[in-house]
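Below: the structure, in structure tokens.
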Amino acid sequence: MVSAVHPGSDSAHLVYVSEGLAEIVGSSVSELLGQQPNAVFSQSTPTKQLDAVADLVGQGKQAAVQMALQTSSGTDLPVHATFLAIPSLSDGWPLYLSLFRVLGKPPAPQTSVMADPMVTFDQTEIFDALAHPGSLDDVVIHLAERTESLLDAGRVVMALAYAHQATSARFDLVRTAGFKPDLLADFFQTVRADQRLDEPTAIPVASLPLEAAIEFQNAGIQSLWLTPMLRNDTDVLGAVLVAHPERETPTESEQQLFNAVARLAVVAMDRSRREADLALRALHDPLTGLPNRDLMTDRLDQLIDIAKRNADGKNDDATVLSVVLVDIDRFKAFNDRHGSEAGDLVLAQTAQRLRSVLRIGDTIGRIGPDQFLVVCPGRRDEADAFASAEELRRVVLAPIDLADGSSPELTASVGVVMVQPDDELTPADVMSNAESAVEAAHDAGRDMVSVFDPELRRQLAARHELEAALKDAIADDELFLLYQPIIDVASGAMTGAEALVRWDRPGHGVLPPALFIDIAEDSGLIIDIGEWVIREAFRQIADWPERLAGGSPIVSVNLSARQLSHPSLLPTVTEAMEFYGVDPASIGFEVTESMKVEDLERASASLVELAALGCHLSIDDFGIGYATLDYLRRFHMAHTLKIDRSFVDGLGENREDTAIVSASITLAESLGLTVVAEGVETVEQLEYLHQLGADYAQGYLLSKPVELDDAHLLWHRATLIPGNAF
Ligand code: C2E
Ligand code: CA
Ligand code: CA
């Protein structure tokens, strides 16, 4: 909002009001024109404040205050107001110009001008231009045209230094008024070098270097009147240059006019600079100073366009662009552990490191909390793109020194997309392909580079679809349990069973856990699914003691690493146990041995508690994971070792497998653990296990996983060994 007033005058009135201001005040522009300035100020504005402002502005200074405007609804609207005096362009009478900016909002400046009644107002367009920020150039050109129209003769040149460092000798020639840009550029450079720009000066053309003098004289110019655009009386933001055909110097009122024009230009520049700052900030990430996702999308769009144009008519299948997405692994966890300040440090450092290895022409931006996108134009083959992606991955690895003295090392999953000229991909497509490639790198174990290929995308899409469907599987009652008997090797009788989940996915048939458990793990759905399995298993086995005539098979439920470190596990188990009235001694839990040691450490509290409840604990898949003696020591609360079926598979045929099974049994024995051999498919395998001293067995030879009722039937059989072999 903008306005102006004549100091000390009782009859001061508004001569310009921007539409926005009128709207806020709840009036129309025409109604407000001619009214007293108070018409827009809040009633609560202290007269003292207005007097102080009038005083300052009267001395030719700028006054900036916080005050309130009166709104149509009767409430006050707090604004930031800037007042300054500017002579009217027509007769030099001062106008009070006020710019209002609503506090807490991005500037949609509103304008009003108050003036002495004598003033014939002629600056509407300029104030309009100030109130409706368009381009700064437009405002400045407007000012020049206005000035020219008020002069008897002469041409007005406008030069701005705003786009450059204050020390730069370069000016942007916004209006050349028909002069050659080179001539003007040389002229401004000379006056700037001579430091003749701190106050208005008149320079006779004859005093210029010969070449310039001749050129100006040929253009019919005698004198050049220069008025600097100054901020705080010192910073030169530009200059108004009037080239006059006759007179050596301007009249006093002409000079006043030029001063007014210069001041208005500075106001316009301040405004546009603020807008430019805001615009810039909106497009950059404040933490790293890098372009944000919006700006990167824009750049990517431009680069794709340029690349396409370059590729036209040339080699059709040449890659015109490679795009690399760097995603810091486990950043969220890092942030949680070390605090967001440390997280910010990591991001800022990473941004800097990534930037340091870019090649000329590459563009980098931060497009997600822990994601940096690098666009490399003209990287033509995949090997080259891969090499630079590798370099980007490696710079992330170096340790980062934190305030707490630690120096954690982070890794990154990096995705590469090659953009071909005929791909017809939008920037959003490219980014999402890059994300798919990152996801692939992530799934393959993180800390690596993966190049996008469309097949991968199809797989990922199928995976996302599956994940979405899995979310509803519990609510839609699509999960069910099968039970696979575990037998006593010596007698062949069933002593327990393992509960195994299945998903009857509509349109896809019954899916085995291999097709969805990993995805459930990654997405966190495993918590809900795991809780469902526990409750369902407990519910189903609650009546076993009666149905099985006093027998008490141990029914085992599989637990994933994520479940074990989740706080809901123990409450779920104890509540379900109580609710269904199952005996803890008839319940077992299997924890896979492929679980990482860190995970196991976090989980060991839960394991101790489960054991304390009286539940049976098994180390599942023994032999394939991180099997170390230390690992077994940490797993001291376990009762059983389940030897993975991949070893049982080669039993008696493959020497290594046989040795491993044999050693595992001996080891288990010495640690006081019983042994279950998994995946027993042949009588020979079972016989061999018997010889080696394995206690229990599980496998298709004895029974596939079966429905609950079938498991009951199997329980009543004396032996599950076919032909009752031994
Ligand atoms: P696991 O714990 O090792 O379970 C044994 C798997 O081996 C089962 O596959 C079973 O059907 C299969 N199997 C049993 N005997 C034989 C045999 O003689 N030959 C062959 N080739 N395979 C045999 P399933 O049911 O597909 O389960 C696969 C894995 O999924 C399980 O491996 C377990 O890690 C996981 N899983 C199953 N149910 C659950 C569950 O409720 N929760 C969690 N977290 N994981 C589960
Ligand atoms: Ca198992
Ligand atoms: Ca197993």
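Which whole-number percentage describes the relative contact order of the chain, with Cα contacts under 8 Å and a sequence gap of 6 or more? Across the chain, relative contact order equals 7 percent.
Taking Cα centre as origin and charging only the Cβ of basic (Lys, Arg, +1) and acidic (Asp, Glu, -1) residues, the dipole magnitude of the chain rounds to 1720 debye.
Dipole size of segment 293-451 about its Cα centre, with +1 on Lys/Arg Cβ and -1 on Asp/Glu Cβ: approximately 440 debye, rounded to the nearest 20. On the beta carbon distance between GLN352 and TRP532, with R0 = 51 Å, the FRET formula returns roughly 0.60. Highest mean packing first, where packing is the average number of other Cβ atoms within 10 Å per residue, the peptides 282-293, 429-440 line up as 429-440, 282-293. Across the accessible surface of the chain, with the other protein chains kept in place and a 1.4 Å probe, carbon and sulfur atoms take up 50 percent.
Protection proxy ranking, highest mean first, for peptides 383-395, 530-542, 200-212: 530-542, 383-395, 200-212, where packing is the per-residue count of other beta-carbon atoms within 10 Å, averaged. Since only ALA265, ALA185, THR249 are under comparison, the one whose Cα sits farthest along the positive direction of the charge dipole of segment 152-301, derived from C-beta charges on Lys, Arg, Asp and Glu, is ALA265. For LYS180, the aspartates and glutamates whose Cα falls under 17 Å of its own Cα, not counting residues fewer than eight places away in the same chain, are ASP172, GLU211, GLU215. Label zone of ASN310 (point 7 Å out along Cα→Cβ, amide N under 12 Å): in segment 371-395 this covers 376-381. Modelled spin-label separation between THR71 and ASP429, with each label point placed 7 Å from Cα along the Cα-to-Cβ direction: 4.6 nm. Using only the alpha-carbon atoms, how far is helix 683-692 inclined from the longest principal axis of the chain? Give it as 0 to 90 degrees, nearest 10. With both axes taken from Cα atoms, the answer is about 80 degrees. For the residue pairs LYS332/LYS471; LYS596/LYS642; LYS471/LYS642; LYS332/LYS596, the C-alpha atoms sit more than 26 angstrom apart in LYS471/LYS642. Computed from label points 7 Å out along Cα-Cβ, the spacing between LEU402 and PHE579 is 3.9 nm.
Suppose all protein chains stay in the model; what accessible area per residue would a 1.4 Å probe give for the chain, in Å²? Result: 46 Å² of accessible area for each residue.
Put simply, the amide H of VAL174, placed in the peptide plane, has neighbours under 5 Å in MET158, ALA159, LEU160, leaving out anything fewer than 5 places away on its chain. Once the Cα-Cα distance is subtracted from the 0.36 nm per residue extended length, the ASP472 to ARG633 segment shows a gain of 54.0 nm.
Residue by residue, segment 563-577 carries 3J(HN,Hα) couplings of 5, 5, 9, 8, x, 7, 4, 4, x, 4, 5, 5, 5, 5, 4 Hz when phi is fed to the Karplus relation 6.51 cos²θ - 1.76 cosθ + 1.60 (θ = phi - 60°); x denotes Gly or Pro. Working note: Debye formula, equal point scatterers on the alpha-carbon atoms of the chain, no solvent; log10 I(q)/I(0) at q = 0.07, 0.09, 0.10 Å⁻¹ is -0.75, -0.95, -1.06. The residues packed around PRO512, meaning those with a beta-carbon under 13 Å from its beta-carbon, carry a net charge of +1 if Lys and Arg are +1 and Asp and Glu are -1. Label separation (GLU669 vs LEU613): 3.3 nm, computed from points 7 Å beyond Cα along the C-beta direction. Each semi-axis of the equivalent ellipsoid for segment 293-451 is √(5λ) with λ an eigenvalue of the Cα gyration tensor; in descending order they amount to 30, 14, 13 Å.
The values are calculated or read from the model by the stated rules, or taken from the named source; none is laboratory data. The structure presented is a predicted model; accordingly, all values stated were derived computationally and were not measured. Ideal geometry is used to build each Cβ from the backbone, glycine not excepted, and the neighbour counts take in all protein chains shown. What goes into the accessible areas is simple: the full protein's heavy atoms, side chains included, and nothing from ligands, DNA or RNA. Shrake-Rupley method; radii C 1.70, N 1.55, O 1.52, S 1.80 Å.
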